[in-house]
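**Student:** Have a look at this one before I ask anything.
The values are calculated or read from the model by the stated rules, or taken from the named source; none is laboratory data. For clarity, every value in this text was computed on a predicted model and none was experimentally measured. Don't worry about glycine lacking a Cβ; one is built from the backbone with ideal geometry, like all the others, and counts go over all protein chains shown. Side chains are part of the model used for accessible areas, which takes the heavy atoms of the whole protein and leaves out ligands, DNA and RNA. Shrake-Rupley method; radii C 1.70, N 1.55, O 1.52, S 1.80 Å.
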Amino acid sequence: MKINRSSILPRRLQVSKGQAAAPSQQLLHAATSDASALLETLGSSRVGLSEDEAQQRLEKFGLNAVASEQGHSRLQLFAKALLNPLVVLLSILAIVSVATGDVRAAVVMALMVVLGVALRFVQESRADTAAAKLRAMISVTATVIREGKTREIPLAELVPGDLVKLSAGDMVPADVRLISSKNLFLIQASLTGESLPVEKTDLKESSGTLSTLEFHNLCFLGTSVESGTATAIIVATGEQTFLGTIARGLTTQQTQTAFDKGVSRFTWLMIKFMAVMVPLVFVINGITKHNWHDAFFFALAVAVGITPEMLPMIVTVCLSKGAMALAKKKVIVKRLNSIQNLGAMDVLCTDKTGTLTMDHVVLELHCDVALKDDDSVLTLAYLNSHFQTGLKNLLDRAILARSEVREESRAPAHKLVDEIPFDFVRRLMSVVIEKPDGGHRLICKGAPEEVFARCTRFEHEDDLYPMEGILIDDLRIEYDRLSADGFRVLAIAYRDFSPQREYSTADETDLVLRGYVAFFDPPKDSTGPAIAALTRHGVAVKVLTGDNEAVTKKICHEVGLDVQQVLLGRDIDQLSDIQLQKVADQTNIFARLTPIHKQRVITALQNQGRVVGFLGDGINDAPALRTADVGISVDSAADVAKESADLILLEKSLLVLEEGVLEGRKVFANILKYVRMGASSSFGNMFSVVGASAFLPFMPMAPLQILTNNLLYDFSQVPIPVDDVDPEQLAKPRPWSIGEVTRFILFIGPCSSIFDYTTYFMMFYIFRACDPAHASLFQTGWFVESLLTQTLIIHVIRTNKIPFIQSSAAWPLTLTTLAIMAVGIWLPFSPLAGVLGFTALPPLYWPLIFLTLILYVALTQKVKSSLLRKAWI
């Protein structure tokens with residue numbers, strides 16, 4: 001079942017290291033109570049809640065959610081549309097018009113308010129609905145026991161009193177008290193900042209004086225299971241959890257992405273322009289026209305004209321349309337702003353298994369230490385995987401898939417005694433079984449070098465030999481032969497014991513090396529072309545894997561990835577952060593990595609100025625996913641990996657990701673079009689308004705005319721999110737560059753001012769609109785010229801090519817341009833002309849304005865081409 005859920009854990013929510021919190025009475029009681037007493041207190045039992053009781057509790061306690069990622073209500077979106085500078089100013093002017101008796105002007109302005117609000121409300125409602133549909137496609141589930149049956153349900157539907165099962169890779173779904181546990185280790189970094197795992201047990205706490213996080217039998221929402229298994233009862237959900245309490249009191253904002261910072265810088269740039277120009281326009285008009293009342297409203301209208309009030313809507317619609325387009329390409333966007341980061345990404349760090357390879361592991365060999373087939377090695381491996389209770393990975397499933405060994409292993413005749421779960425430090429796991437004769441045998445399976453270190457003898461043809469130095473080197477040579485051929489190898493070892501009560505990692509010593517099981521995961525046919533395509537698009541692919549270097553090099557070679565340099569985890573340990581920065585950029589294969597190694601590599605690349613994406617699906621990938629500029633996971637990933645990611649791939653393929661990168665660049669290109677259009681137009685209008693204000697004996701344009709011009713121009717830009725993007729604009733990563741935007745504004749903006757001034761002189765000297773009696777004619781002429789040039793120049797700015805000839809806009813943008821230009825030509829002759837203060841223009845005006853348009857487009861194209869040649873934009 002998948003629901004439109006709330007986010008369980010805010011992505012970068014952390015508590016400062018060492019922060020203490022007083023335990024709630026609820027948690028304190030749970031920690032210091034017997035399991036049976038707690039079950040009774042919470043109205044639960046060993047078979048869990050009934051479905052009816054769970055539903056009643058869900059209605060009582062609400063969804064198990066801390067930070068909402070759900071959409072806004074329609075009322076909130078409507079209020080957001082109303083809180084717009086244009087709407088506020090038009091409303092003020094309409095009230096003033098009614099107060100002064102100009103009812104017709106008030107009606108026109110009210111109509112403009114309705115149109116502007118309706119436009120923004122409809123567009124953002126669609127975007128919000130689209131985002132909600134995408135969120136509904138992803139769910140993180142928990143294993144719950146209800147009515148004695150185990151099943152998966154969304155985390156958001158859990159309630160206090162539910163029994164849940166935990167195993168490696170799971171997120172802890174709420175605040176829970178352990179009922180039973182086995183070698184359970186949790187990562188609590190999201191709450192404590194500590195990267196090392198913490199052991200948890202089901203023993204009752206005797207002291208209630210500990211801080212909340214020090215209770216060993218409590219696990220908290222937002223943490224994750226590194227290894228081990230447990231059954232627990234939920235004590236608190238949602239905002240009543242420890243994390244929920246922190247979230248309510250948290251005042252710090254989420255870390256800004258590169259995209260957020262770019263939008264913020266542009267907004268502040270426009271505010272600085274406005275802070276200089278608006279007071280200047282007000283003072284000049286007040287002094288020259290001696291009417292401070294009109295000067296104030298004119299300056300206010302100019303301020304609205306400069307304001308990029310459409311930016312939030314354009315950004316939201318671009319991102320939501322991009323998210324929907326990505327969804328069709330099997331990429332689900334969890335955080336909209338990550339789309340731009342995906343397009344700006346110039347380094348993709350990825351794991352190997354399932355990304356470069358088929359993710360369909362087959363057990364190819366089971367052999368002794370001399371690489372001869374040996375069925376007893378397969379039997380030991382089968383018993384280990386069969387009795388393992390934790391997370392069974394692909395290798396375990398490949399072993400268990402060998403049906404012919406089920407009978408030979410006589411698994412029913414054995415009994416699980418104990419288990420030492422896998423962790424990423426030891427890189428092995430063991431089970432202890434009781435043999436039919438009553439003796440205990442520990443069967444260990446894991447990375448060969450880790451198993452070797454724990455073996456004192458090896459078995460070959462039923463004889464035991466000591467693990468002496470020269471023999472160990474020979475054994476490693478045999479193992480390396482398998483790895484070099486592309487096999488993923490696990491070593492199998494054992495040790496026999498007399499029955500004892502408990503086993504631990506201390507018993508993983510004095511082992512007997514029995515042999516190897518070797519797996520092969522062939523590379524995907526699509527991997528080579530995908531890597532080549534990403535490289536063409538300016539994205540360097542780097543492989544970060546916990547596997548050994550021999551297997552990794554073999555697979556990378558087969559998919560066409562040039563192995564420039566290989567860096568191992570142990571080498572990274574010897575490097576300082578500064579040294580790693582220098583090495584990481586030149587290395588494309590990193591092997592034998594721990595989660596901390598992956599995190600360090602990504603940080604080192606970021607410190608080099610690279611925009612880094614990370615693709616991973618395992619428990620050990622969560623830290624890297626959070627650190628990367630854009631974290632990418634897959635729908636089949638571990639819960640903690642999905643929760644840490646920004647994007648979810650429904651198909652684990654680099655080809656899918658390559659399409660996502662291009663879509664991200666398309667989204668950014670369309671946002672940048674609006675930024676360039678709006679900013680250059682506003683900057684040019686500043687010069688025009690200041691000049692006209694200084695030498696004209698009347699207002700160059702009435703406030704209502706400025707607002708009408710601005711509203712129509714904004715309408716002409718509404719289809720930008722659906723516009724086509726030229727292929728060369730998708731060819732390489734495009735991060736935000738406020739320097740490029742500033743240069744574009746400084747050079748392109750004045751082009752419009754030149755033709756504004758030619759229009760001034762045309763109206764002043766050719767049509768004699770040079771005194772207050774002819775102010776309406778002058779204002780009408782400049783209004784039409786300003787609207788036509790601004791609207792037409794969209795088609796020059798939207799492309800780096802020659803507009804209309806080498807590159808044409810999408811039909812909605814073309815249609816809107818023609819419609820707005822037609823409205824601008826029609827208004828001076830329309831029934832609204834009197835209300836807006838327009839006068840019919842003389843016939844000679846039209847050929848002159850047509851010539852102006854041609855020259856303006858030619859000049860702007862010339863300046864743009866010059867800037868492109870110099871690589872300034």
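**Student:** I need the full set of residues from the stretch 743-756 which are open to solvent by 40 Å² or more (accessible area, probe 1.4 Å) and under 33 Å from the mean Cα position of the chain (by Cα), in order please.
**Tutor:** The one that is open to solvent by 40 Å² or more (accessible area, probe 1.4 Å) and under 33 Å from the mean Cα position of the chain (by Cα): R743.
**Student:** Which members of the stretch 326-351 meet the condition of being out of contact with any Pro (no Cβ under 6 Å at 6 or more places or on another chain), open to solvent by 10 Å² or more (accessible area, probe 1.4 Å) and closer than 25 Å to A540 by Cβ?
**Tutor:** If the condition is that a residue be out of contact with any Pro (no Cβ under 6 Å at 6 or more places or on another chain), open to solvent by 10 Å² or more (accessible area, probe 1.4 Å) and closer than 25 Å to A540 by Cβ, then K329, K330, K334, R335, N337, D351 are the ones that fit.
**Student:** Sticking with this structure for a sec: Assess whether I820 counts as being surrounded by 19 or more Cβ atoms within 10 Å (Cβ to Cβ), β-branched (V, I, T) and on the phi < 0 side of the Ramachandran plot.
**Tutor:** Here the answer is yes, as I820 does meet what is asked.
**Student:** Select from the stretch 488-507 the residues that are of a type in the set (G, A, S) and more than 25 Å from N548 (Cα to Cα) and write down the one among them that is least open to solvent (accessible area, probe 1.4 Å).
**Tutor:** Only one residue fits best here, namely S504.
**Student:** Quick check: is even one residue across the stretch 634-642 closer than 23 Å to R734 by Cα and among the small types (G, A, S)?
**Tutor:** Checked the stretch 634-642: no residue is closer than 23 Å to R734 by Cα and among the small types (G, A, S).
**Student:** Tally up the residues in the stretch 638-656 that are modelled with pLDDT of 85 or more and assigned to a helix (DSSP H, G or I), please.
**Tutor:** Result for the stretch 638-656: 0.
**Student:** Is there any pair linking a residue in the stretch 767-780 that is under 17 Å from Q705 (Cα atoms) to one that is basic (K, R) and not in a helix (DSSP H, G or I), with Cβ under 9 Å and at least six apart or on different chains, and which?
**Tutor:** Filtered contacts from the stretch 767-780: H774/R768; L777/R768.
**Student:** Then there's this: Looking at A81, A67, A118, which one is closer than 30 Å to K321 by Cα and modelled with pLDDT of 75 or more?
**Tutor:** After ruling out the rest, the residue left standing is A118.
**Student:** Specify which of the listed residues (G560, G515) is at positive phi and either acidic (D, E) or buried (at least 23 other Cβ atoms within 10 Å of the Cβ) (or both).
**Tutor:** That would be G515, the only listed residue that is at positive phi and either acidic (D, E) or buried (at least 23 other Cβ atoms within 10 Å of the Cβ) (or both).
**Student:** Any idea how many residues of the stretch 537-581 are of a type in the set (G, A, S) and either out of contact with any strand residue (DSSP E or B) (no Cβ under 9 Å at 6 or more places or on another chain) or without any contact (Cβ under 8 Å) to a residue 12 or more places away in the chain (or both)?
**Tutor:** Residues in the stretch 537-581 being of a type in the set (G, A, S) and either out of contact with any strand residue (DSSP E or B) (no Cβ under 9 Å at 6 or more places or on another chain) or without any contact (Cβ under 8 Å) to a residue 12 or more places away in the chain (or both): 3 in total.
**Student:** For the stretch 261-283, check the following and say yes or no: at least one residue is buried (at least 20 other Cβ atoms within 10 Å of the Cβ), at pLDDT 80 or above, touching a helix residue (DSSP H, G or I) at 6+ places or on another chain (Cβ under 9 Å) and among the aromatic types (F, W, Y).
**Tutor:** Scanning the stretch 261-283 turns up at least one residue that is buried (at least 20 other Cβ atoms within 10 Å of the Cβ), at pLDDT 80 or above, touching a helix residue (DSSP H, G or I) at 6+ places or on another chain (Cβ under 9 Å) and among the aromatic types (F, W, Y).
**Student:** Across the stretch 407-443, what is the number of residues that are under 44 Å from the mean Cα position of the chain (by Cα), open to solvent by 50 Å² or more (accessible area, probe 1.4 Å) and modelled with pLDDT under 85?
**Tutor:** Counting residues in the stretch 407-443 that are under 44 Å from the mean Cα position of the chain (by Cα), open to solvent by 50 Å² or more (accessible area, probe 1.4 Å) and modelled with pLDDT under 85 gives 3.
**Student:** While we're on this one: Can you tell me which residues in the stretch 665-701 are in contact with a Leu (Cβ under 8 Å, 6 or more places away or on another chain) and over 24 Å from K272 (Cβ atoms)?
**Tutor:** Result: R665, K666, V667, A669.
**Student:** Something else now. Here is a list of conditions, (1) outside any strand (DSSP E or B); (2) in contact with a helix residue (DSSP H, G or I) (Cβ under 9 Å, 6 or more places away or on another chain); (3) under 26 Å from E199 (Cα atoms), and F422 meets all of them except one; can you say which number that is?
**Tutor:** Looking at each condition in turn, F422 falls short on (2).
**Student:** So, in the stretch 484-517, how many residues would count as being farther than 20 Å from G228 by Cα and modelled with pLDDT under 90?
**Tutor:** 9
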